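Chemist: The structure follows.
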Amino acid sequence: MVVRVQHDDSLGQQPSAALTWKGGTMATHNRDLALRGGRPRGLAVLITGCSSGIGRATAVYLAQRGFTVFATVRRQKDAESLGALGEPNLVPVHPLDLTVLDHIPAVVEVVRQKLDEREQAGLYAIINNAGGGSFGPLELMDLDDFRTQLEARLLGPVALLQAFLPMLRQGGGRVL
Ligand SMILES: NC(=O)c1ccc[n+]([C@@H]2O[C@H](COP(=O)([O-])OP(=O)(O)OC[C@H]3O[C@@H](n4cnc5c(N)ncnc54)[C@H](OP(=O)(O)O)[C@@H]3O)[C@@H](O)[C@H]2O)c1
């Protein structure tokens, strides 16, 4: 999946944030913005793999624009690094290793509690960003490594989606 973050002022006079990906856009609609005083307050998203790169940049970008962002990471030090940014809308959540399905219930519970505290209803989006992996000739492919990639990129995200479906439905959410 390719997630590209852009600033899109075409949606109205107020600043708005949009995520675009192959053939689509997740944007704060004018109606959403109007309901929330011109800012996407009340909209919450969960992004996986926020220790670095696109995930981290997207988490910071959306949090600074008023989204509540649940930024999942595998390691405590990465959660602390996100917390040290001092961005009140950015909520680091750990551990979430998508190859360890047992991590998911605690993540769901943290998100549920934080949404309750913030009086927010459901999730506006889950952004399946976590990943990585190695590429190369088929002959040299390590099948154990490939299995881990499948778990992290396919099985884990499906399990995560299953667990968050009620919150996604509640928030009229979408999956990237
Ligand atoms: N950068 C590009 O040009 C590009 C192009 C096409 C697609 N993508 C995709 O975009 C996504 C982000 O890319 P990036 O360049 O920002 O990569 P990155 O900096 O390497 O970040 C990958 C993130 O995924 C996390 N992650 C890896 N395995 C995980 C697992 N099993 N469970 C949970 N989290 C895991 C990493 O956590 P740790 O720090 O704990 O390892 C890290 O936070 C990836 O899915 C990548 O395939 C990137």
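Chemist: Output the residues belonging to segment 69-103 that are within 14 Å of the ligand (Cβ to nearest atom) and assigned to a helix (DSSP H, G or I).
Modeler: Of everything in segment 69-103, those that are within 14 Å of the ligand (Cβ to nearest atom) and assigned to a helix (DSSP H, G or I) turn out to be Gln76, Lys77, Asp78, Ala79, Glu80, Ser81, Leu82, Leu101, Asp102, His103.
Chemist: Separate question: Based on what the data block shows, is Gly42 surrounded by 17 or more Cβ atoms within 10 Å (Cβ to Cβ) and modelled with pLDDT under 95?
Modeler: On the way: surrounded by 17 or more Cβ atoms within 10 Å (Cβ to Cβ): yes; modelled with pLDDT under 95: yes.
So Gly42 fits the description; yes.
Chemist: Right, Gly132: at pLDDT below 95, loosely packed, with under 14 Cβ neighbours inside 10 Å, within 15 Å of the ligand (Cβ to nearest atom) and under 30 Å from Gly66 (Cβ atoms) or not? Give the steps one after another, and end with the answer.
Modeler: Working: at pLDDT below 95: yes; loosely packed, with under 14 Cβ neighbours inside 10 Å: yes; within 15 Å of the ligand (Cβ to nearest atom): yes; under 30 Å from Gly66 (Cβ atoms): yes.
Here the answer is yes, as Gly132 does meet what is asked.
Chemist: Go through (1) farther than 21 Å from Asp78 by Cβ; (2) touching a residue at least 24 places away in the same chain (Cβ under 8 Å); (3) within 14 Å of the ligand (Cβ to nearest atom) and name the single condition Ala163 misses.
Modeler: Just one mismatch for Ala163, condition (3).
Chemist: Here's another thing I want to ask about it. Enumerate the pairs (first residue in segment 134-154 and free of Cβ contacts under 8 Å to residues at least 40 places away in the same chain; second residue anywhere and in a helix (DSSP H, G or I) and surrounded by 10 or more Cβ atoms within 10 Å (Cβ to Cβ)) with beta-carbon separation below 9 Å, excluding pairs fewer than 6 apart on the same chain, so at least 6 apart or on different chains.
Modeler: Every condition considered, the pairs that remain are Ser134/Asp145; Ser134/Phe146; Ser134/Gln149.
Chemist: Please determine whether any residue of segment 84-105 is under 14 Å from the mean Cα position of the chain (by Cα) and hydroxyl-bearing (Ser, Thr, Tyr).
Modeler: No, the conditions are met nowhere in segment 84-105.
Chemist: Does Ala17 meet the test of being modelled with pLDDT under 95 and surrounded by 16 or more Cβ atoms within 10 Å (Cβ to Cβ)? Lay out the reasoning, then the answer.
Modeler: Values: modelled with pLDDT under 95: yes; surrounded by 16 or more Cβ atoms within 10 Å (Cβ to Cβ): yes.
Spelling it out, Ala17 is indeed modelled with pLDDT under 95 and surrounded by 16 or more Cβ atoms within 10 Å (Cβ to Cβ).
Chemist: Checking Val2 against (1) at pLDDT below 95; (2) within 15 Å of the ligand (Cβ to nearest atom); (3) surrounded by 17 or more Cβ atoms within 10 Å (Cβ to Cβ), which test does it fail?
Modeler: Among (1) at pLDDT below 95; (2) within 15 Å of the ligand (Cβ to nearest atom); (3) surrounded by 17 or more Cβ atoms within 10 Å (Cβ to Cβ), Val2 violates only (3).
Chemist: Out of Ala152, Ala106, Ala121, report the one residue that is more than 10 Å from the ligand (Cβ to nearest atom), surrounded by 13 or more Cβ atoms within 10 Å (Cβ to Cβ) and in a helix (DSSP H, G or I). Even if it seems obvious, please write down each step before you answer.
Modeler: On the way: Ala152 fails: more than 10 Å from the ligand (Cβ to nearest atom); Ala121 fails: in a helix (DSSP H, G or I).
Criteria check complete, one pass: Ala106.
The values are calculated or read from the model by the stated rules, or taken from the named source; none is laboratory data. Just so we're clear, the structure is a prediction, and the values are computed from it rather than from any experiment. Quick reminder, even Gly has a Cβ in these numbers, built from the backbone with ideal geometry, and neighbours come from all protein chains shown.
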